[in-house]
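The values are calculated or read from the model by the stated rules, or taken from the named source; none is laboratory data. This structure is a prediction, so every number in the text was calculated from the model and none was measured. Every residue, glycine among them, receives a Cβ derived from its backbone with ideal geometry; neighbour counts consider all protein chains shown.
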Amino acid sequence: MGELSNWTEYSRFLLSLLAVLDPFMAIPIFLGMCEHRSEADRRRFAKVISLTVFGVLVGVALAGEAVLRIMGTSLASFRIGGGLVLLLMAFAMLQAKPGDVRQTAAEADALDGIETIGVVPLAVPLLAGPGAISTVMISVQQGGLFHDALVIVIIGAVCAVVWLMLRLAVPVGRLMGTAGLNVANRLLGLLLAAIAVESMATGLKELFPVLAGG
């Protein structure tokens, strides 16, 4: 049976990826990046960012299983490690902060470099960072062609949401304000924390079957 064995699991993956990417966290950074730029530039940056995130995550989806096999890492171990990364991200989101797992201070400073604007560090690693990569790699394990195609479709849908949020960053930021964006971040952080704990629990049960009881 595949990793995402039913539609409930697919919807869970969609929500997980949306929470991990957290476009609400990217809005104030995007607005700061585009503060003195034209509307055409903002549209172009939103497109570049969303397409970069899509390309990175699809690449992970296509190569993730081979990478784990080469590394000799079990899916259970990766569940635990990936869950820990998501939990650290969730803690930062509950404080309405990007967190060092998502973006270090040095990477934040790189936003000042025009040559990297829109790709590093906003698209990678702020959006398509360790958490998103772990989520996708776990989702594609033990799946067939149809399963992998659905995973890619879900990645595309989430990236479309990211594009839309960035495209509408000015009115969304004005409407929600700092307080509203922080509340949205904390809600997604709470959801991500629950997903992280479940991922680690599943991994521990697979590594240590005695924990499953019975």
For Gly189, indicate whether it is part of a loop (DSSP other than H, G, I, E, B), of a type in the set (Gly, Ala, Ser) and under 21 Å from Gly82 (Cα atoms). no
For the stretch 4-54, what are the residues that are farther than 19 Å from Leu191 by Cα and of a type in the set (S, T, N, Q)? Ser5, Asn6, Ser38, Ser50, Thr52
In the stretch 11-38, the residues that are closer than 20 Å to Met176 by Cβ, of a type outside the set (Phe, Trp, Tyr) and either over 15 Å from the mean Cα position of the chain (by Cα) or not in a helix (DSSP H, G or I) (or both): Asp22, Pro28, Ile29, Leu31, Gly32, Met33, Cys34, Glu35
Which residue, of Arg79, Arg69, is surrounded by 14 or more Cβ atoms within 10 Å (Cβ to Cβ) and either basic (Lys, Arg) or modelled with pLDDT under 65 (or both)? Arg79
Of all residues in the stretch 192-211, which are touching a residue at least 60 places away in the same chain (Cβ under 8 Å) and outside any helix (DSSP H, G or I)? none
Selection from the stretch 139-176 of residues modelled with pLDDT under 90 and in contact with a Gly (Cβ under 8 Å, 6 or more places away or on another chain) yields Val140, Gln141, Gln142, Gly143, Gly144, His147
